[in-house]
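The values are calculated or read from the model by the stated rules, or taken from the named source; none is laboratory data. All of these numbers come straight from a predicted model, not from anything done at the bench. Here Cβ is always computed from backbone atoms with ideal geometry, including for glycine, and neighbour counts include all displayed protein chains. Remember, those area values only see protein heavy atoms, side chains included, never the ligands or the DNA or RNA. Shrake-Rupley method; radii C 1.70, N 1.55, O 1.52, S 1.80 Å.
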Amino acid sequence: TEERNTLDALRESADALRESESRFRTVLRNAPIIAFAVDKNGVFTFSDGAALGRIGLASGEVVGLSVREMYADRPDIMAYLDRALDGEIVSWTAEVGGTWFETQCTPVFTE
């Protein structure tokens, strides 16, 4: 029936989406980068990437924390993050935990 075909198509699409997301997460988790996402209030909503260990963090560990709390002792970094939170694309180089990072913040508006 048509309803059954529609349900089958939805299940296949959902399975394909889950598989694609799993591949993306595997690539990201193993890439020598750090990827963070924050909401408009500066609260981390995502963190992943193999380089997180270089700064003593695990995947997802900072989710729910504020960037202002995390970087309270780094006004140099907060100056860039404040600009990004205001909607500006910002790039800089910073040393964190003994490792130098090339950093780019690109605002992505979802609302």
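Looking only at residues of segment 1-21 that are loosely packed, with under 10 Cβ neighbours inside 10 Å and not basic (Lys, Arg), we find that the one that is farthest from Gly49 (Cα to Cα) is Thr1.
Between residues in segment 86-109 that are touching a residue at least 12 places away in the same chain (Cβ under 8 Å) and residues that are among the acidic types (Asp, Glu) and open to solvent by 40 Å² or more (accessible area, probe 1.4 Å), which pairs lie under 7 Å by C-beta distance while being six or more apart or on different chains? Listed by first residue and then by second, the contacts come to Ala94/Asp76.
Here are Leu57, Leu28, Leu52: which of them is in a loop (DSSP other than H, G, I, E, B), open to solvent by less than 40 Å² (accessible area, probe 1.4 Å) and farther than 17 Å from Tyr80 by Cβ?
One residue alone meets the criteria, Leu57.
One residue alone among Ala16, Ala51, Ala35, Ala9 is closer than 17 Å to Thr106 by Cβ and at pLDDT below 95, and that residue is Ala35. Remark: Thr103 matches the filter, which requires a residue to be at pLDDT below 95, among the hydroxyl-bearing types (Ser, Thr, Tyr) and surrounded by 14 or more Cβ atoms within 10 Å (Cβ to Cβ).
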